[in-house]
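Trainee: Dumping the structure here so I can ask a few things about it.
The values are calculated or read from the model by the stated rules, or taken from the named source; none is laboratory data. Predicted, not measured: the structure shown is a model, and the values here were computed from it. When we count neighbours, we look across all protein chains shown, and the Cβ atoms used for this are built from the backbone with ideal geometry, even at glycine. Just the protein is used for accessible areas: all its heavy atoms, side chains included, with ligands, DNA and RNA removed. Shrake-Rupley method; radii C 1.70, N 1.55, O 1.52, S 1.80 Å.
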Amino acid sequence: MADRSAIEWTDASWNPIRARNLVTGKVGWHCEHATTGCEHCYSEGFNKRLGTGLPFKPGHRKDIEIFLDEQMLTQPLRWKKPRKIFVCSMTDLFADFVSVDWITAAFSVMRACPQHTFQILTKRAARMAAIVGGLSCGSDGVQRPLPNVWLGVSAERQQEADWRASLLLVTPAAIRFISAEPLLGPLRIFNIPVKTGPNKGEGDRGMSVRSLDWVIVGGESGRGARPMHPDWARDLRNQCAAQGISFFFKQWGEWAPSTPEDANGNPHSGWQAMAAHPHVAKAAELYPEAGAKFVARVGKRAAGRLLDGIEHNEFPKVPA
């Protein structure tokens, strides 16, 4: 739990889902990799250093006790100053190891804290759609999503966006958003196929993204970070502008736009890291003119978060 966060698009984090190492007794968190976007998870590294000491793998469920921390659960009730709160920044609220009762308890706290804005980000969009639909229904059966709860999905490539965002768009929410971080490929958010049910392949139909309110874009940071092509970020910026969607550029990550001249002498430059990665298409296949594009590994701090000289900090507005 932290009443302050270094993440640019939020103010605080809230982690009521905890884990205890059954051998050492150390308390931390637990999660499990869901896709290639999880490969360099910052939460996993933090947990290995300061939590249970274990990596985020399904095989470690037997080594830990996952529990709802009652003291952490009620912390937002004691925060009087309004703030944006990232829910379960160290895990995924809708992972299958989180019980429906715990999710319901978290939503009860969020309902009791109308002064705060809660931002939930998941890779388990199908479970979120199934559970939140029930939590949003009143006694009359009408869906009324909590006005202070924003729901989002991670989408690092087109295949993740098509599946997760399609389910997000039919999940009741005051605000819906996509976090394209780490962005590992070009992403088109126009005409995402929308599911009429939580199961893959069920009732596909084309639909515009008018129900999408916010897009966060960021490159990967940390050891082994994969570079983000500058045009991927620019294209999403332009798509959001055309659709009236709020756009937030979080960071370039370890890699930043450069030129062969500027990167002269830097052994970590060009697209060699991207081309060598098995889960990311080669730049030459995505952009035939990729030779005219150049990135260099300069570190997160030096890379900064300016996109074509502009800092993009847009937030969505909750409809009345």
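Trainee: Among the numbered criteria (1) free of Cβ contacts under 8 Å to residues at least 40 places away in the same chain; (2) not in a helix (DSSP H, G or I), which single criterion is violated by GLU65?
Mentor: It is condition (1) that GLU65 fails.
Trainee: Among the candidates GLY270, GLY265, which residue alone is at pLDDT below 85 and open to solvent by less than 60 Å² (accessible area, probe 1.4 Å)? So that I can check it myself, show each step before the final result.
Mentor: Numbers: GLY265 fails: open to solvent by less than 60 Å² (accessible area, probe 1.4 Å).
Only one candidate qualifies: GLY270.
Trainee: Give me the residue from the range 211-235 that is more than 16 Å from the chain's Cα centre (by Cα) and in a helix (DSSP H, G or I) and, out of that set, nearest to GLN158 (Cα to Cα).
Mentor: TRP232
Trainee: Suppose we keep only residues that are at pLDDT 90 or above and basic (Lys, Arg) within the range 1-53. Which one would you say is most open to solvent (accessible area, probe 1.4 Å)?
Mentor: Going through the qualifying residues, I end up with ARG49.
Trainee: Related question: Checking the condition touching a Gly at 6+ places or on another chain (Cβ under 7 Å) and either over 30 Å from ASN47 (Cβ atoms) or open to solvent by 50 Å² or more (accessible area, probe 1.4 Å) (or both), which residue from PRO145, PRO193 passes?
Mentor: Residue meeting the stated conditions: PRO193.
Trainee: Does the range 8-17 hold any residues that are out of contact with any Lys or Arg (no Cβ under 8 Å at 6 or more places or on another chain) and in a loop (DSSP other than H, G, I, E, B), and which are they? Show your work before the answer.
Mentor: Of the residues in the range 8-17, the ones out of contact with any Lys or Arg (no Cβ under 8 Å at 6 or more places or on another chain) are 13-17.
Scanning the range 8-17 gives ASN15, PRO16.
Trainee: Something else now. Which ones in the range 54-81 are within 27 Å of ALA180 (Cβ to Cβ) and open to solvent by 40 Å² or more (accessible area, probe 1.4 Å)?
Mentor: Matches in the range 54-81: LYS57, PRO58.
Trainee: Oh, and also: Count, please, the residues in the range 18-62 that happen to be outside any helix (DSSP H, G or I) and of a type in the set (Gly, Ala, Ser). Let's see the steps before the verdict.
Mentor: So in the range 18-62, the residues outside any helix (DSSP H, G or I) come out as 18-35, 39-41, 51-57.
Checking the rest, the ones that are also of a type in the set (Gly, Ala, Ser) come to 19, 25, 28, 34, 51, 53.
Of the residues in that region, 6 qualify.
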